[in-house]
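Each remark here refers to the structure printed beneath this line.
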Amino acid sequence: MSCLFCKIIEGKIPSTAVFQDELGYAFADVNPQAPVHVLIVPREHISSLNDAGTEKQALLGHLLWAAAEIARQKGLTNGYRIVVNTGDDGGQSVEHLHLHLLGGRSLAWPPG
Ligand code: DGP
């Protein structure tokens, strides 16, 4: 598997782990856009949110819960944002489903 995030999950590429369990892995984004910028990924390879079928509903919920749990652990009591870039128009650059957790500063809306 040549997927970058699969290699990170397998430990073949180093990363700064933030959270992990049997279903997911979370690590610091290499190019942080906020004081807290964590990527939450499923251990199994799913290319994008658009490729997560009905059978992945529980997994998707678990990843969303993990993102909120990390936000609590990071003390983001003033709020945060979770982003799932999907496909070309969504700005997805790595084809392994991932949630961005962004926090630690006020975030503008709408996004670019
Ligand atoms: P997206 O554009 O939504 O596909 O976000 C991909 C993110 O992945 C981007 O914010 C940068 C991050 N990223 C890319 N390569 C690496 C890497 O090798 N290590 C880490 N920690 N993050 C990476």
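The values are calculated or read from the model by the stated rules, or taken from the named source; none is laboratory data. These figures come from a predicted structure and were not determined experimentally. Every residue, glycine as well, gets a Cβ built from its backbone with ideal geometry; the counts of neighbours run over all protein chains shown. The accessibility values were calculated without ligands, DNA or RNA, using every heavy atom of the protein model including side chains. Shrake-Rupley method; radii C 1.70, N 1.55, O 1.52, S 1.80 Å.
Report the residue count in segment 29-63 for those that are touching a residue at least 60 places away in the same chain (Cβ under 8 Å), of a type in the set (A, V, I, L, M, F, W, C) and more than 15 Å from V84 (Cα to Cα). Working first, answer last.
So the first thing to find is which residues in segment 29-63 are touching a residue at least 60 places away in the same chain (Cβ under 8 Å), and the list is 29, 33-40.
Those left that are additionally of a type in the set (A, V, I, L, M, F, W, C): 34, 36, 38-40.
Among the residues that remain, those that are also more than 15 Å from V84 (Cα to Cα) are: 34, 36.
Total satisfying the criteria: 2.
Checking E22 against (1) open to solvent by 70 Å² or more (accessible area, probe 1.4 Å); (2) within 13 Å of F5 (Cβ to Cβ); (3) acidic (D, E), which single condition isn't satisfied?
Condition not satisfied by E22: (2).
Residue by residue, here is whether (1) assigned to a loop (DSSP other than H, G, I, E, B); (2) within 8 Å of the ligand (Cβ to nearest atom); (3) surrounded by fewer than 16 Cβ atoms within 10 Å (Cβ to Cβ); (4) among the basic types (K, R) holds:
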site: V18; (1), (2), (3), (4): no, no, no, no
site: V30; (1), (2), (3), (4): yes, yes, yes, no
site: Q33; (1), (2), (3), (4): yes, yes, yes, no
site: V38; (1), (2), (3), (4): no, no, no, no
site: S47; (1), (2), (3), (4): yes, no, yes, no
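In the list A66, A26, which residue meets the criterion of being within 16 Å of the ligand (Cβ to nearest atom), touching a residue at least 40 places away in the same chain (Cβ under 8 Å) and outside any loop (DSSP other than H, G, I, E, B)?
The unique qualifying residue is A26.
Just one of G75, G112 is modelled with pLDDT of 95 or more and outside any helix (DSSP H, G or I); which is it?
Working: G112 fails: modelled with pLDDT of 95 or more.
Step by step, each of G75, G112 is checked, and only G75 is modelled with pLDDT of 95 or more and outside any helix (DSSP H, G or I).
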